[in-house]
Amino acid sequence: MAAARTATVMTAMTGGPHRPENPNPSPRFSVSKPSWIVRSESNVWKEERKKPYRPCVVCGGSGKVDCHQCRGRGRTNNTDLAMLPKGEWPKWCKTCGGSGLGYCSRCLGNGEYRDIMGFRFMHAEPDRRKSS
């Protein structure tokens, strides 16, 4: 009963109802332009991709490079422009399916360093050569 009287007195003194502070407030993001912030579900299995010990020199270890057909834009019309002209619809690239990415031809998409294929003297590292 005494707690109820104290809450009533506090409400009367502050001029409004007292709002309890949340001990764990949700993080606030500063977004410069309107956009959707999507949270992933907690029960979805997400596996982090391990970075290769020696990454590929062409793709940097990602296994993906810009599509050669659309130059990484994902569309085949007006690839030199960042935005299409008004009223024009994109023609999606058939090679990459509109993603703008393709597999790296050097590492075949796995991101690991591979020596140049060919004869033994074409190895990139000189310490691997056999001395005769």
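Our coupling estimate for the range 85-99, obtained by passing each phi through the Karplus curve with A = 6.51, B = -1.76, C = 1.60 and θ = phi - 60°, is x, 4, x, 9, 9, x, 9, 5, 5, 7, 6, 9, x, x, 7 Hz, Gly and Pro reported as x. Counting beta carbons within 10 Å around each of VAL57, VAL44 and listing the fewest first gives the order VAL44, VAL57. Over 31 Å between Cα atoms, which of LYS46/LYS86; LYS50/LYS91; LYS51/LYS94 qualify? Over 31 Å apart, Cα to Cα: LYS46/LYS86; LYS50/LYS91.
Take the Cα of LYS94, step 7 Å toward its Cβ, do the same at ASN78, and the gap between the two points is 2.3 nm.
The numbers here are math on the coordinates, done by the rules we state, and not lab data. Just so it is clear, the structure is predicted and the values come from calculations on it, not from any experiment. Positions of Cβ are generated from backbone atoms using ideal geometry, with glycine treated the same way; all protein chains shown enter the neighbour counts.
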